[in-house]
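A.B. asks: Please read through the structure below; I'll follow up with questions.
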There are 2 protein chains.
Amino acid sequence: MNKIEEYISLINSSLYEYVKLMGDEEDKVAEAMLYSLKNGGKRVRPMLVLEFCRACGGSVESAVPFACALEMIHTYSLIHDDLPCMDDDDFRRGKPSCHKQFDYATALLAGDGLLTLAFSVMAGTELPAETVIKAVKLLADCAGYLGMIGGQTMDLQHEGKQISLETLKKTDALKTGRLIYAACTLGCLVANADDEKFKAAETYAENIGLAFQIVDDLLDITSTSEELGKPVGSDEDNKKSTYPSLLGIEHSMEMVEELTKKAVDAVSVFGNDGQFLADYAVKLSVRTK
Amino acid sequence: MNKIEEYISLINSSLYEYVKLMGDEEDKVAEAMLYSLKNGGKRVRPMLVLEFCRACGGSVESAVPFACALEMIHTYSLIHDDLPCMDDDDFRRGKPSCHKQFDYATALLAGDGLLTLAFSVMAGTELPAETVIKAVKLLADCAGYLGMIGGQTMDLQHEGKQISLETLKKTDALKTGRLIYAACTLGCLVANADDEKFKAAETYAENIGLAFQIVDDLLDITSTSEELGKPVGSDEDNKKSTYPSLLGIEHSMEMVEELTKKAVDAVSVFGNDGQFLADYAVKLSVRTK
């Protein structure tokens, strides 16, 4: 088993353990929470929490609750994003989205439940209280209306409109960028890293965050729906402004390469301990789903 | 200005200050958050936080962020509860509910935003870190899928069904009871109260929580929609099992009286400092809206 698989296995087993089924009628929402957690993707965010913590000299184990909390928040955002009043997506990673598998109200509450559980999990850890509070504040701010939710709001405002590259970047920096930023810096926080390492984590996050979004847009054009597990070409159908539509495919691909190089450079301060992060940035940039 | 008005004024001004408008396009959700916060009711929960803190010898000021966080969570739950996929209520306290004033997606995100902001506000306080973490854990657990959300789930499962008194009590103990419990014990927590006072707060919470719900059900029968600011008779129209429908109006009123007496007795351990809480329990039991 390689390191990525080891991390995913650790994240998954921990994640599922946090949701307790009580064997009673109020379990429907817990079942929906588990359903969406189990339909997980690459676990990019929790993996970054664990690896930044390790690269900064911290114990991977101590970072697990924070990695799981972040993945819960990411998962809640996908459940709410898929709802009919938002993106109205019936599928998520090849399986029915939460509100299709269950129902609208259950999916709404499952999202609320995961968001709330994330904070309970963080507050339940045994790290120094000061560290936990900083982590709660960081994650709440990155996920909140001045962070991810602000990006979702901008996204809604832009529906059916052409927007500038600058606006697109600002939207994505909030909508997907802030949680990736939270992932990288949470790892440093748990490991009590110095300023130089925090700064490196921020630069890495900023660059892979944008690259990640450009690759997403490119895959919507170049991939097949079997590969992606969701319909392709939806951006073009929705006349959505994307990096390829604003910059062209070739220039977008060059940008991904450039951003990835910056991310790789940033983690050179970790020496050998930055190798996994460097390789991972490259891996994400050439992914096919 | 009497003490209740003073508390409400302190809660309101603090609450509105927490939501920053950036003067930009992502502000729509922040505006919706503010709209729903401003359409506030009796501020029962934050008032209980402040008064329990004071009665336990703590400073009211130090409890304000926790009182506000709790009210944000209460407000988010109302926004999501009013959505078409849940209770589908067009009015809340005589004004259009959030999704009617804005739109469905904005209301969804405003709820998410308030829930997330509650944790940011708590983590941003300057109390001892250990206290803040206990408060975060308490509130997350009371609001989560094993608390308030669990009660909302049970409520959904019961829709259109007759249920037993025992099931109704269990549902309400989660749906409304847990946040009232959180309010009373958060105040004690901030004031670093001893076990005897915590126990008294728990007993008070348990009794006024149930009484509050029974009065709500009674008002749905005996009040007018002008008085309540929302349609009355909706429980009967929806064939919902309520305390009056299961126990009769008279017996329900007796129960309210009995529960209120128990709450009043519980806070006698505070001596003179329990007087406001005793009076408040009575005030809530004879309210007309």
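Read-outs throughout are calculated quantities, based only on the coordinates presented, and are distinct from any laboratory measurement. Because the structure is a prediction, the values reported are computed rather than measured. Don't worry about glycine lacking a Cβ; one is built from the backbone with ideal geometry, like all the others, and counts go over all protein chains shown.
A.B. asks: May I have the extent of the alpha carbons of chain B along their three principal axes, as whole Å values ordered from largest to smallest?
C.D. replies: 52, 49, 38
A.B. asks: With respect to the axis carrying A onto B, what is the closest chain A residue by Cβ position, and how many angstrom separate it from the axis?
C.D. replies: Closest to the rotation axis on chain A: A:129, 2.
A.B. asks: So for the range A:3-285, taking the charge dipole from beta-carbon charges (+1 Lys/Arg, -1 Asp/Glu), which of A:34, A:222, A:119 sits furthest toward the positive end?
C.D. replies: The one lying farthest along the dipole's positive direction is A:119.
A.B. asks: Continuing with this model, one more query. Can you tell me which lysines have their Cα less than 17 Å from the Cα of residue A:100? Leave out same-chain residues fewer than eight positions away.
C.D. replies: The reachable lysines, counting only those whose Cα sits under 17 Å from residue A:100, are A:28, A:38, A:230.
A.B. asks: Taking the range A:36-153, how much of its Cα-Cα pair set, in percent, is spaced more than 25 angstrom apart? Provide the component values of the computation, followed by the final result.
C.D. replies: Values: 1786 of 6903 pairs.
I get 26 percent for the Cα pairs in the range A:36-153 exceeding 25 Å.
A.B. asks: Taking amide H positions as placed in the peptide plane 1.01 Å from N, state which residues far from residue B:241 in sequence (5 or more) or on other chains have amide H under 5 Å from it.
C.D. replies: Amide H neighbours of residue B:241: B:163.
A.B. asks: Still on this model: Partner chain Cβ atoms within 10 Å, averaged over the residues of B:150-161 - can you pull that number for me? Intermediate results must be reported in sequence, preceding the final value.
C.D. replies: On the way: counts 10, 1, 7, 14, 6, 2, 8, 7, 1, 1, 0, 0.
Counting Cβ atoms of other protein chains within 10 Å of each residue's Cβ and averaging gives 5.
A.B. asks: Using alpha carbon centroids, what distance separates the range A:70-135 and the range B:1-66, in Å?
C.D. replies: 26
A.B. asks: Shifting gears a bit: Shortest first and in nm to one decimal, what separations exist between residue A:159 and its copies in the other chains, measuring from label points 7 Å along the Cα-to-beta-carbon line?
C.D. replies: In nanometres, ordered from closest: 2.2.
A.B. asks: Taking θ = phi - 60°, what integer Hz values does the Karplus form 6.51 cos²θ - 1.76 cosθ + 1.60 yield along the range A:101-113, in sequence order, with x for Gly and Pro?
C.D. replies: 5, 10, 8, 4, 4, 5, 5, 4, 5, 5, x, 4, x
A.B. asks: Using the Karplus curve 6.51 cos²θ - 1.76 cosθ + 1.60 with θ = phi - 60°, work out ³J(HN,Hα) for each residue of the range A:282-288 in order, rounded to whole Hz, and write x for Gly and Pro.
C.D. replies: With the stated coefficients, the range A:282-288 comes to 5, 4, 5, 6, 10, 5, 10 Hz.
A.B. asks: Report, in listed order, any pair from B:95/B:169; A:240/A:283; B:134/B:289; B:199/B:283 with a Cα-Cα distance greater than 24 Å.
C.D. replies: Long pairs (Cα-Cα over 24 Å): B:95/B:169; A:240/A:283; B:134/B:289.
A.B. asks: Mind listing the long-range amide H neighbours of residue B:92? Cut-off is under 5 Å, sequence gap 5 or more, other chains count too, H placed in the peptide plane at 1.01 Å from N.
C.D. replies: Residues meeting the amide H criterion: B:97.
A.B. asks: Taking the Cα centre as origin and putting +1 on Lys and Arg beta-carbons and -1 on Asp and Glu beta-carbons, what dipole magnitude results for the range B:3-285, to the nearest 20 debye? Before the final figure, lay out each step's value.
C.D. replies: Working: 27 positive and 46 negative charges, 70 e Å.
For the range B:3-285, the charge dipole is close to 340 debye.
A.B. asks: Nearest 20 debye, what's the magnitude of the dipole of the protein assembly as shown about its Cα centre given +1 on Lys and Arg Cβ and -1 on Asp and Glu Cβ?
C.D. replies: On the way: 58 positive and 92 negative charges, 106 e Å.
Dipole of the protein assembly as shown, to the nearest 20 debye: 500 debye.
A.B. asks: Identify, among B:162, A:209, A:162, the residue whose Cα sits farthest towards the positive end of the charge dipole of the protein assembly as shown, taking +1 on the Cβ of Lys and Arg and -1 on the Cβ of Asp and Glu, with the dipole about the Cα centre.
C.D. replies: A:209
A.B. asks: Which of the GluC sites (Glu not before Pro) found in the range B:126-225 are loop residues per DSSP with 14 or fewer other Cβ atoms within 10 Å of their Cβ?
C.D. replies: Qualifying residues, ordered by number: B:126, B:159.
A.B. asks: Average partner chain C-beta neighbours within 10 Å, per residue of A:118-130?
C.D. replies: On the way: counts 4, 14, 12, 2, 6, 13, 5, 2, 0, 1, 2, 7, 5.
The shielding value for this peptide is 6.
A.B. asks: Run a plain Debye calculation on the protein assembly as shown (Cα atoms as equal point scatterers, no solvent) and give log10 I(q)/I(0) at q = 0.06 Å⁻¹, rounded to two decimals, same order as the q list.
C.D. replies: -0.31
A.B. asks: If you don't mind, another one. 7 Å along Cα→Cβ for the label point: how many nanometres lie between residue B:251 and each equivalent label in the other copies, listed shortest first?
C.D. replies: 7.6
A.B. asks: Between copies, how far apart are the residue B:269 label points? List them in nm, one decimal, shortest first, with each point 7 Å from Cα toward Cβ, please?
C.D. replies: Label point to label point, same position, other copies: 5.2 nm.
A.B. asks: What does the C-alpha gyration tensor say about the overall shape of the range A:118-250? Classify as rounded when a/c is under 1.5, otherwise prolate if a/b is larger than b/c, or oblate.
C.D. replies: Numbers: a/c = 2.21, a/b = 2.08, b/c = 1.06.
Prolate is the answer for the range A:118-250, as a/c is 1.5 or above and a/b outweighs b/c.
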